[in-house]
Amino acid sequence: MGGSAADRPVVIGVDIGTTSTKAVAYDTDGRQLGSHAVGYPLDAPRPGHAEQDFELIHAAVLETVRVVVAGLARPVAGLSFSSAMHSLIGLDVHGEPLTPVLTWADSRASGQAERLRAGANALALHRRTGTPVHPMAPLPKLVWYAEQKIRLFEQVAHWVGSKDLVLRRLCGELVTDHSLASGTGLFDIHRLAWDPEALGIAGITEAQLPRLVPTTGVLPGLTPAAARATGLPAGTPVVVGAGDGPLANLGLGAVRPGVLACSIGTSGALRVMVEQPAVDPLGGVFCYALTERRWVVGGAINNGGIVLGWTGDALAPDLGEQPEEELLALAARAPVGSGGLIMLPYLLSERAPHWSALPRGAYVGLTHGHRREHLIRAALEGVCQQLALVLRSVQAAGNEVREVRASGGFARSPLWRQMLADALGLPVRFPAGHEGSSFGAALLGMQALGLIPSVDVAADLVRIDQTVTPDPAAAATYAALLPLHEELYEALLPTFGALRRLSPNLPPEPPPSEPPQ
């Protein structure tokens, strides 16, 4: 990539997240030249609902790009997009929203998802579409609309995701990329086409969905109105982009076989890049597209950093409003394995590897000798053990894993870093200096625009700050306890189901302190 730094092209990666949108400008050497983020609420008007106002998302996209462009001293070669997966919006015939944005965290379709999962074709549908039958996905949400909002369902002309509608506003075309499509439960990942059986279950037609395009597709460019709103020239190229999970692998440099990307924010995920789409025989993982030759196999968990936050609220309210350091110091006082105390951290139900909306959290093995440091540590260990179960499913799908690259808020804690390496039984490397999905979006955009030969350069552009290796004794303890986590889920599943059936007759459960993010 010759020439002076001032001559190198600039691409802006725009990451449309669950609670904020962030735009970051990069040159072809991976240098960050400017960034701006705008937040917006995740509304929970009723239990199980997690929705957004699309207009706030659209305004955030325009503002973040406009602020970044205003701070740049050189022209922008193009925009490229990342987006949270599984969002769903119903549009009228004029392309305007008839519904709020239903996010991945919205669980109102739990009943529909459980019914579909109990069907004979559920695993075949999962393996064909790459998306587990789970209320996070648009497929069960569409069934919910068809059953619960019949008149509204009949009025919807198109069903789209947040990024799809953003691109329509920017460029005038209604398209969706293979990556986001692979997270809908409606898309055949082997044929790269909408799945007729899934569409039939959802009660919609192909004409009601956006036109499918590759993630490296380049749209005609910004309309004059969009150009004025962003400060860019009309016709500036726009690369369609992909889902935030697959793009986070690029942002961590986890693009080669055997390198697993792990992220723990409020929730968490493990993903490994593969060259052919595949789901394990038991359906424990998802398979989402990045490009036609690159896919990510992995699993997401609902309960990551939010579990630490819960311990502060429930177990240590005396520590104040931001007690993370004190909580971690307490956890460090308890031994590895928390004195035989196990926590199933299903505070917000769960996704991988079981993909059921039924689970609830549980402590098992509690004795008179346990104190709150044991409860706090067991909660953190439960998160890491849940990720270890996801790792096992990734490996069961035929993927060798040699190295883990990790990011997220948990990475600030030496205790949690070591705990993750011990629970996974693998070295964990912590990259520095990149914004994950926005950097991945920018790299994908550079490839689409011919500015770099391949996204493979990500492996060389991402610098590693620290490598944490497993402690043999701790790793052995966690390995011995892992089967118990699996067995407890199976043993308690009838209880979870009974609680679900009884819930209408019980006093309402207390609401979470904040919606899931």
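Tabulated data
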read-out	value
Subset tally (residues that are assigned to a helix (DSSP H, G or I), among the small types (Gly, Ala, Ser) and under 24 Å from ALA181 (Cβ atoms)) for region 209-260	4
Of all residues making up region 287-319, the number that are within 15 Å of the chain's Cα centre (by Cα) and part of a helix (DSSP H, G or I)	2
Among the residues listed as LYS163, LYS141, the single one being over 18 Å from GLY243 (Cα atoms), open to solvent by less than 10 Å² (accessible area, probe 1.4 Å) and touching a residue at least 24 places away in the same chain (Cβ under 8 Å)	LYS141
Pairs with Cβ under 7 Å, 6+ apart, first in region 450-466 and closer than 19 Å to SER438 by Cβ and in contact (Cβ under 8 Å) with a residue 24 or more places away in the chain, second of a type in the set (Lys, Arg) and in a loop (DSSP other than H, G, I, E, B)	ALA459/ARG256
Flag if VAL240 is modelled with pLDDT of 95 or more and either more than 30 Å from VAL133 (Cα to Cα) or open to solvent by 10 Å² or more (accessible area, probe 1.4 Å) (or both)	no
Of the criteria (1) touching a Phe, Trp or Tyr at 6+ places or on another chain (Cβ under 7 Å); (2) closer than 22 Å to LEU152 by Cβ; (3) open to solvent by 30 Å² or more (accessible area, probe 1.4 Å); (4) aliphatic (A, V, I, L, M), which one LEU33 fails	(2)
Residue in region 486-508 that is open to solvent by 50 Å² or more (accessible area, probe 1.4 Å), hydroxyl-bearing (Ser, Thr, Tyr) and closer than 30 Å to GLY48 by Cα present	yes
Residue among ARG228, ARG256, ARG271 that alone is under 18 Å from the mean Cα position of the chain (by Cα), charged (D, E, K, R), under 27 Å from GLN32 (Cβ atoms) and open to solvent by 10 Å² or more (accessible area, probe 1.4 Å)	ARG271
Condition check for GLU147: among the charged types (D, E, K, R) and at pLDDT below 95	no
Qualifying residue in region 283-306 (condition: open to solvent by 10 Å² or more (accessible area, probe 1.4 Å), among the aliphatic types (A, V, I, L, M) and out of contact with any Ser or Thr (no Cβ under 7 Å at 6 or more places or on another chain))	no
Qualifying residue in region 27-43 (condition: among the polar types (S, T, N, Q) and part of a loop (DSSP other than H, G, I, E, B))	yes
Options ARG228, ARG211: the member that is among the basic types (Lys, Arg) and closer than 30 Å to GLY71 by Cβ	ARG228
Flag if GLY445 is assigned to a helix (DSSP H, G or I), out of contact with any helix residue (DSSP H, G or I) (no Cβ under 7 Å at 6 or more places or on another chain) and open to solvent by less than 10 Å² (accessible area, probe 1.4 Å)	yes
Some residue of region 132-155 being more than 30 Å from GLY284 (Cβ to Cβ), assigned to a loop (DSSP other than H, G, I, E, B) and in contact with a Ser or Thr (Cβ under 6 Å, 6 or more places away or on another chain)	no
Boolean, HIS126 is open to solvent by 50 Å² or more (accessible area, probe 1.4 Å) and either over 17 Å from THR230 (Cβ atoms) or among the acidic types (Asp, Glu) (or both)	no
Residue, surrounded by the fewest Cβ atoms within 10 Å (Cβ to Cβ), within region 42-68, restricted to residues that are charged (D, E, K, R) and closer than 28 Å to GLY217 by Cβ	GLU55
Conditions (1) assigned to a strand (DSSP E or B); (2) of a type in the set (A, V, I, L, M, F, W, C); (3) open to solvent by 50 Å² or more (accessible area, probe 1.4 Å); (4) in contact (Cβ under 8 Å) with a residue 40 or more places away in the chain; number of the one not met by VAL24	(3)
Number of the exception - GLY71 against (1) open to solvent by 10 Å² or more (accessible area, probe 1.4 Å); (2) out of contact with any Gly (no Cβ under 9 Å at 6 or more places or on another chain)	(2)
Subset of region 1-21 that is crowded, with 17+ Cβ neighbours inside 10 Å and under 16 Å from ALA73 (Cα atoms) - its residue that is modelled with the lowest pLDDT	ARG8
Close pairs (6 angstrom Cβ cut-off, 6 or more residues apart or separate chains): small (Gly, Ala, Ser) in region 205-219, crowded, with 18+ Cβ neighbours inside 10 Å anywhere	GLY217/VAL240
Wholly enclosed strands (runs of 3 or more DSSP E) of region 336-430 bearing at least 1 residues open to solvent by 30 Å² or more (accessible area, probe 1.4 Å)	362-364, 403-407
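Residue-by-condition table, conditions (1) modelled with pLDDT of 95 or more; (2) in contact with a strand residue (DSSP E or B) (Cβ under 7 Å, 6 or more places away or on another chain):
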position: GLY305; (1), (2): no, yes
position: GLU325; (1), (2): no, no
position: ALA332; (1), (2): yes, no
position: GLY339; (1), (2): yes, no
position: SER349; (1), (2): no, no
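For (1) assigned to a loop (DSSP other than H, G, I, E, B); (2) modelled with pLDDT under 95; (3) under 19 Å from THR18 (Cα atoms); (4) of a type in the set (S, T, N, Q), each residue gets a yes or a no:
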{"site": "ALA60", "(1), (2), (3), (4)": "no, no, yes, no"}
{"site": "HIS86", "(1), (2), (3), (4)": "yes, no, yes, no"}
{"site": "THR99", "(1), (2), (3), (4)": "yes, no, yes, yes"}
{"site": "GLY111", "(1), (2), (3), (4)": "no, yes, no, no"}
{"site": "LEU116", "(1), (2), (3), (4)": "no, no, no, no"}
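The values are calculated or read from the model by the stated rules, or taken from the named source; none is laboratory data. Only a predicted model underlies this, so the values are computations on that prediction, with no experimental measurement involved. Here Cβ is always computed from backbone atoms with ideal geometry, including for glycine, and neighbour counts include all displayed protein chains. Remember, those area values only see protein heavy atoms, side chains included, never the ligands or the DNA or RNA. Shrake-Rupley method; radii C 1.70, N 1.55, O 1.52, S 1.80 Å.
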